[in-house]
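Notes to accompany the following structure.
The values are calculated or read from the model by the stated rules, or taken from the named source; none is laboratory data. Note that the structure is a prediction, hence the values are computed from the model and not measured. FYI the Cβ positions are ideal-geometry reconstructions off the backbone, even for glycines, and counts take in every protein chain you see. Please note that ligands, DNA and RNA were not included when accessible areas were found on the heavy atoms of the full protein model with its side chains. Shrake-Rupley method; radii C 1.70, N 1.55, O 1.52, S 1.80 Å.
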Amino acid sequence: MPATQPAPDRLNDFVIKFANVNGTGSASANTLIMKAIFRSGVPVVGKNYFPSNIQGLPTWYEIRVSADGHQARGGRVDLMLAMNIETYARDVKEVAPGGFLMYDSTWPRSALLERHDITVLGIPLAKLCNENFDGVRNRVLMKNICYAGALAALVDIDLEIVRALVTEQYAKKPKLADANLKAIELGYRYAREYLPCPLPLRVRRLDRTAGHVLIDGNTAAALGCLYAGATVGAWYPITPSTSLMDAFRGFCERYRVDPATGERNFVVLQAEDELAAIGMVVGASWNGARAFTPTSGPGISLMNEFVGLAYYAEVPCVIFDVQRVGPSTGMPTRTQQCDLLLCAYASHGDTRHVLLFPADPGECFTLAVAAFDLAERLQTPVFVLSDLDIGMNDWMVPELAWDDAYRPDRGKVLSAAEVEQLEKFQRYVDRDGDGIPYRTLPGTSPKAAYFTRGSGHNQSGAYTEDSAEYQQVVDRLTRKFATAATLVPKPVLEGPGNRPVGILSLGSCDGPIREALGELARRGYALDYLRVRGFPFGAEVEAFLAGHERVLVIEQNRDAQLKSLLTLETAVPKHKLHSILHYDGLPLTAQFVTDAVVAALGAGGRRAAAAV
Amino acid sequence: MTSIVKPRIAHPALPKNELGLTRRQYEGAMSTLCAGCGHDSVTAAIVEACWGLSLRPEQLAKLSGIGCSSKTTAYFVSGAHGFNAVHGRMPSIATGANAANRELCYVGVSGDGDSLSIGLGQLAHAIRRNVNMLYVIENNGVYGLTKGQFSASADVGTKSKRGEANTQPPVDPVLLALTLGATFVARSFSGDKRQLVPLLQAGMRHQGFALIDVLSPCVTFNDHEGSTKSYAFTREHYHAAVEADFIARAREIAVDYAEGESTVVTMHDGSRVRLRKLDPGYDPSDRVAAYDYIERKFADGEYVTGLIHVADGSASELHAANRTTATPLNRVPYERLSPGAAALGKLMARYR
Ligand SMILES: Cc1ncc(C[n+]2csc(CCOP(=O)(O)OP(=O)(O)O)c2C)c(N)n1
Ligand code: SF4
Ligand SMILES: [Mg+2]
């Protein structure tokens, strides 16, 4: 039977990949396995590689089991669940030497089973389910649950944990619970009887998931919007951002509906397009509500005109860009960090915007809240740049927590009484020297009224074509942007900060980089690492760039957009920066980072990097 | 050039409304439109309508897109906040603003280019959402601000100033609104203040989306012979099917008309609109009949004006459909919006 045994240290450290056909209900089986491992106290992360399609195309789900808690894509496959005939050949190829492959042995597939360095495990899933369940659809669904049962036996997951999860999930549908439990049992028993259980790839109980949750970034961002007190959400559906609004609406239906009257403290508007979605957000924010729109690159493209208006008329708004591969429609279900420049300079004319870069779902939650506070404090659009990997995959992060002492920062909004104290209300005057003017909300008082316009206006908000008056306003906007640099979340520094070489990166590169830093250190490369969390870049970013001889800029796009932003917006000399770029649409891996850093620094670089 | 502020000299003899305000207090900045532009007459009618309604100036929110017509929101009620948005996108601003605060009175002013060319989609969807607002289209058949190109409302055969005839069929905002189920649809003429003012007042009091298409000639680019949107052509071919009188809440209906000749529609706030049918066969409550009537009259070369269709729009109005709380969302205290730390702690169980 088995050819090469995998190294014995694959305990709590391996990758399972599920090759499925989309639309067959495999997601619940895959999640079930992931949650069961998580509940065994062993850290996991799930990555979904799905097509831009509803039914019939291949889809993969990857569970990385990592005792050390690494959140990056594993980059290798130790156990493949080959459930899709169409992709079988390539799925077989992807298994790492010494790994395992399980397939549905109801039908023979001899010609393709050509690898001798892996162990092939057959289980007659279709046959088992046809014998035990009725109905075509039901049999297909149960096949998935059945392999989850077999898998539990193979990697030694406590069956009680799996049972508990199924019972919880179908608490309100006992019939479904019974069927699922039966399917689990079928797979589990078959595997125990006919397959070499447990495999050397094993889950052994740990206590490393306590205080953590498995959550995706879009759900976390939606919770951020809920807790920030957002009341108006407008959007036009687009992958991978749609689930953010779905989640927000779901939470609102749970927490924002008066149980006695059924009255709702929110409005969710499904716009006719992204032009309208951002218009609604601008209108609602102008009128004093916290409003937001989630979208992805193509949506940002459409929003450009309004974003410029909001910038110049100084209307707060919060925009989530869950980035996906571009250009154009690109690969809608693959990940990238490719909208940095698009968002930083969105719209015509001299515009620059505040950007926030969450690295994981935990930060999607906290930075969503920060985005509303910053947008209102600065009276300007704020972009939260997440990506498909963060937004749609389940990450293990510390439980989201809330401080009830939080109160929204509504910024400089004058009440009728405050306006009454003034000789005259002037919308665009810099009274405090921070470049941020005072605003009033519609409905306040006749004295508080002003006219919001995208056309040339002076400090009072009145129409102007006078050069000096126009320039006074746009120069103040520059000062306001400088203030923004002091208010955006500070970057995170890893390392002592005085090493000659540093890595600078952002967002979802964080997991792979942290993992790589460990490996690099073992190989003798000691580097500092700065993760920027906001734009405009603050003094800490300038200091990091100035304080390192060489800075490796790691990002997930082809054109080195972060590096471009750094050269444009900081004093760093271009030659100091070296780009490491990953843009194939799959999440970055630690291996890629390690290899690229080693290649960039070379053997001499090891000494340079280490010399402190 | 900066905007021109009008000197506000209050004359003691000027009539005052219920709030003690004169018409002057409903005016705005000095118009910078061409002398004789229809849009200025609409501005004057809006001032009159707001004054007559005794609307508190800050209770109004003025919204517009881009164009000569869209500039006019600066020329009335300077005590109200205004928003001059981007070209063709005022409906989305209005929708968002209305979502945030359901209490204000939203008046959008737009042009035929702004609403029917670049902004056709947003207009249509604002109607579908039944946003509670008055939407005025100052319709002149051309793009005034960009110097006279045909807009989407130009009639077939109408001639440009240079003599070219338009060949593409027009988008009629009235038919569009009827198709999309609007519950208040009217057409008027900038030169007919007597007709326009009560329509504006009724539109502001209507619960739901109210559209008034106002023929508003562009004296500079579309007032020549051969144009179907000139003053002369409009006076000759635009005829009222229904006349409307607006009766404020507390007032009595003064004159009685014979049964069948007049109908009284009660608005959401208790005010009433008395409709006098000039064509006995016309029924403004019947949307399908209204559509048919307009088409038939148009075939005879006639444009129907007046309150063409009115129905109860309150049930499908955006907030009614959403069941939004009565407190404007921008005033709901934060304490009622945050589920709190304990709830989040409980929710986390779902993700374990
Ligand atoms: C995106 C964009 N495209 C084009 C323009 C130029 N533009 C300004 S006003 C206008 C047409 C306005 O026509 P209409 O709405 O009929 O207003 P009118 O001036 O006739 O009252 C155009 C095309 C613009 N402001 N924005
Ligand atoms: S160009 Fe036409 S629409 Fe514009 S202000 Fe002059 S008359 Fe009015
Ligand atoms: Mg026009």
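Assorted remarks:
- Looking at the protein assembly as shown alone, DSSP beta bridges between its own residues are antiparallel in about 35 percent of cases.
- If you take the Cα centroid of region A:379-434 and the Cα centroid of region A:295-373, the two points sit 16 Å apart.
- Solvent exposure of region B:23-322 amounts to 36 Å² per residue of accessible area, where only protein heavy atoms count and the probe is 1.4 Å.
- Computing Rg and the Kirkwood Rh from the Cα coordinates of region B:228-352 gives a ratio, Rg/Rh, of 1.26.
- Residue-wise HN-Hα couplings along region A:54-59, as the Karplus relation 6.51 cos²θ - 1.76 cosθ + 1.60 with θ = phi - 60° gives them from phi, are 9, 8, x, 9, x, 9 Hz; Gly and Pro carry x.
- Highest-first arrangement of A:33-45, A:424-436, where packing means the average Cβ count within 10 Å: A:33-45, A:424-436
- For peptide A:255-267, the mean count of partner chain Cβ atoms within 10 Å of a residue's Cβ comes to 5.
- Using the Cβ-Cβ distance between residue A:172 and residue A:409 with R0 = 51 Å, the FRET efficiency computed as 1/(1 + (r/R0)^6) comes to roughly 0.80.
- Debye intensity ratio in log₁₀ form over the Cα atoms of region A:10-202, taken at each q of 0.12, 0.17, 0.19 Å⁻¹: -0.53, -1.14, -1.47
- Relative to the longest principal axis of the Cα atoms of chain A, the long axis of helix A:467-487 lies at roughly 40 degrees.
- Contact order normalised by residue count of chain A, Cα under 8 Å, 6+ apart, percent: 12
- Probing with 1.4 Å while keeping every protein chain in the model, the per residue accessible area of chain A equals 37 Å².
- Here the accessible area of region A:500-612 is 53 percent carbon and sulfur, with a 1.4 angstrom probe and all protein chains present.
- 16 Å reach of a label modelled at residue B:335, 7 Å along Cα-to-Cβ, counting backbone N of region A:395-425: A:404-408
- Positive-end ranking of A:283, A:88, A:433 along the dipole of chain A, with charges on Cβ about the Cα centre, is headed by A:88.
- Charge dipole (Cα centre; +1 on Lys/Arg Cβ, -1 on Asp/Glu Cβ; no other charges) of region B:23-322 amounts to roughly 820 debye.
- Given R0 = 60 Å, the distance between the Cβ atoms of residue A:107 and residue B:279 translates into a calculated FRET efficiency of 0.20.
- Degrees separating the helix B:38-53 axis from the principal Cα axis of chain B, which is the longest one: 50
- Antiparallel DSSP beta bridges within region B:20-125, percent to nearest 5: 10
- Rounded to the nearest 10 degrees, the inclination of helix B:120-129 to the longest alpha-carbon principal axis of chain B is 50 degrees.
- 15 Å cut-off, amide nitrogen to a point 7 angstrom out along residue A:253 Cα→Cβ, residues in region A:270-314: A:270
- Virtual paramagnetic centre 7 Å along Cα→Cβ of residue A:401, amide N under 19 Å, in region B:312-352: B:339-352
- Area buried, chain A against chain B - accessible surface, total, 1.4 angstrom probe, square angstrom: 5600
- A simple spin-label model places pseudo-atoms 7 Å from Cα toward Cβ; at residue A:115 and residue A:466 they are separated by 7.5 nm.
- Note on residue A:447/residue A:331: beta-carbon distance plugged into 1/(1 + (r/R0)^6) with R0 of 51 Å gives a FRET efficiency of 0.40.
- With both labels modelled 7 Å from their Cα along Cα-to-Cβ, the residue B:59 to residue A:432 distance reads 3.4 nm.
- When the charge dipole of region A:492-610 is built from unit charges on Cβ atoms (+1 for Lys and Arg, -1 for Asp and Glu) and taken about the Cα centre, the candidate among A:509, A:596, A:581 whose Cα reaches farthest toward its positive end is A:596.
- Within the accessible area of region B:160-251 (1.4 Å probe), percent carbon and sulfur: 49
- Directionally averaged projected area (convex hull, Cα atoms, the protein assembly as shown), nm²: 45.8
- Given charges at Cβ of Lys, Arg, Asp, Glu: chain A dipole, positive-most of A:530, A:303, A:12: A:12
- Working note: Cα gyration tensor of chain B, eigenvalues times five, square-rooted, sorted largest first, giving semi-axes of 33, 24, 24 Å.
- Under a 5 Å amide H cut-off, with hydrogens placed 1.01 Å from N, residue A:552 pairs with A:502, A:503, A:504, A:578 among residues at least 5 apart or on other chains.
- Rolling a 1.4 Å probe over the protein heavy atoms of region A:416-487, with every protein chain left in place, gives an accessible area that is 47 percent carbon and sulfur.
- Entry note, chain B: relative contact order of 15 percent, from Cα contacts under 8 Å with a spacing of 6+ residues.
- Viscosity 0.890 mPa s, 25 °C: Kirkwood-radius Stokes-Einstein D of region A:380-538 over Cα pairs, µm²/s: 123
- Among the residues of A:459-467, the average count of other protein chain beta-carbon atoms within 10 Å of the residue beta-carbon is 3.
- Region A:148-209 - percent relative contact order, Cα under 8 Å, separation 6 or more: 55
- Threshold 40 Å² - residues in region A:407-446 whose accessible area is reduced by that much or more when the chain is no longer isolated, probe 1.4 Å: A:407, A:442, A:443, A:446
- Amide H to amide H distances under 5 Å link residue A:317 with A:380, A:382, where only residues 5 or more positions off or on other chains count and H is placed in the peptide plane.
- Helix-only [θ]222 nm of the protein assembly as shown, DSSP H runs n ≥ 4, -39500 (n - 2.57) each, per residue, nearest 500: -11000 deg cm²/dmol
- Simple label model, 7 Å out from Cα along Cβ direction - residue A:204 to residue B:164, nm: 8.2
- Globularity ratio of region A:492-610, using Cα Rg and 2.2 N^0.38 Å: 0.96
- Backbone geometry of region A:582-597 corresponds, through the Karplus equation with coefficients 6.51, -1.76 and 1.60 at θ = phi - 60°, to 3J(HN,Hα) couplings of 10, 8, 8, x, 9, x, 4, 10, 5, 4, 4, 5, 4, 4, 5, 5 Hz, x marking Gly and Pro.
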